[in-house]
1. Could you tell me the calculated FRET efficiency between Q98 and D187, based on Cβ-Cβ distance and R0 = 30 angstrom, to the nearest 0.05?
2. Once the other residues with Cβ under 12 Å from the Cβ of L45 are scored (Lys, Arg +1; Asp, Glu -1), what is the net sum?
3. Quick one: which residues, 5+ away or cross-chain, put their amide H under 5 Å from the amide H of A78? H built at 1.01 Å from N.
4. Once label points are set 7 Å from the Cα along Cα→Cβ at both K68 and H156, what is their separation, rounded to one decimal in nm?
5. Would you kindly derive the ³J(HN,Hα) couplings of the stretch 89-99 from the backbone phi angles with the Karplus curve 6.51 cos²θ - 1.76 cosθ + 1.60 (θ = phi - 60°), listing them in order in whole Hz, with x for Gly and Pro?
6. For L106, list long-range residues whose amide hydrogen, built 1.01 Å from N in the peptide plane, is under 5 Å from its own amide hydrogen.
7. Would you mind counting up the charge near H156? Only other residues with Cβ under 13 Å from its Cβ, with Lys and Arg at +1 and Asp and Glu at -1.
8. Quick check on my link table: of K62/K273; K191/K267; K212/K242; K188/K242, which ones sit more than 20 Å apart, alpha carbon to alpha carbon?
Amino acid sequence: MPEWGYPLPEDHYYGFSSYKNNYFVNKNTIFQYSLDLDSSEHLILAGGSNTFGQGIISDNLKQILEKKWPKKNIQYLAYPGWGPPHVLKRLGSLNLKQLIPQSEGLFIYHYYRFHLNRSCVSLSFLEWNKGVIPRYVIESNTLVSKGIYSASVAFHMKMVLLGLKYTLKSLFGPSATLDNFNILNMDKCLKLNAKILKAMEKEYLSQFPKGKFLVALMPGFNDEVDYDVYESLTAEKIQTIKGHDHVSFSLKDISTDQYFQNDGHVKTRLLEKFLPIYKFIFEEQ
């Protein structure tokens with residue numbers, strides 16, 4: 001496994017397939033940990049590739065935060081391509097109390113705007129993910145795990161839609177896409193997303209009753225989507241903060257080359273600009 005925050009092999013997404021039967025039960029596959037007995041509390045950074053630090057060759061998020069708050073045992077529960085369903089399934093397969101000695105601490109799920117596509121499995125997400133994602137559905141207002149998405153009828157239905165998408169592109173050009181088409185409508189999507197994060201909170205607190213759980217909506221959200229996600233999470237009584245309320249810049253006003261890698265992932269300089277978000281979180285806790 002490559003070091004955290006350093007470039008991964010080009011085919012790292014496709015490695016998911018070979019792990020789909022035991023990927024979420026192998027304690028050494030993803031979760032980086034070291035017993036830090038000098039720290040007074042833990043801090044778990046959960047999310048996808050930007051939280052993980054994909055492609056970063058200088059300081060990653062863990063290293064940046066350790067410089068400012070050295071007394072926290074900071075660990076990752078993040079990986080490229082992950083969204084809320086991945087983190088929930090992974091969290092449920094780990095006995096974190098054996099890996100992290102501090103009973104008190106904080107779990108932050110770093111929510112970027114495209115994570116809604118991952119909770120609801122949009123066509124654009126399936127295009128490269130190939131359906132290797134834990135599948136959750138709501139039955140009688142209860143979140144239920146249904147195994148791997150690629151084994152479901154819904155997956156094959158969306159593969160048909162992907163075929164239609166490519167047909168439309170070939171006939172009418174790149175603008176003829178179905179990228180935003182979801183079998184779930186937006187209200188159902190928001191509800192499913194919130195239920196997944198609520199289950200994540202419950203799982204974390206079952207292992208760390210003295211811990212605290214929150215979702216950070218990271219800067220870059222579309223205002224309308226940001227509001228809808230925020231409202232749906234707070235309706236589930238999930239502590240949620242809007243990251244852009246705590247930074248002094250707009251992503252529209254900063255140089256792409258300075259703050260983003262060629263593939264769109266964040267650089268260290270942008271992570272450093274997010275420090276006021278963590279300052280607010282730690283002061284509020």
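Laboratory data are not the source of any read-out in this text; all were calculated from the coordinates shown. Treat the numbers as computed from the prediction; the structure is a model and nothing was measured. All Cβ positions, glycine included, derive from the backbone under ideal geometry; neighbour counts span all protein chains shown.
1. 0.15
2. +1
3. The list, which skips near neighbours in sequence, is G47.
4. 5.0
5. With the stated coefficients, the stretch 89-99 comes to 5, 5, 4, x, 8, 9, 9, 5, 5, 7, 9 Hz.
6. For L106, whose amide H was placed from the backbone, the distant partners under 5 Å are H42, L43, I44, K212.
7. Residues close to H156 contribute a combined charge of +3.
8. Listed pairs above 20 Å: K191/K267; K188/K242.
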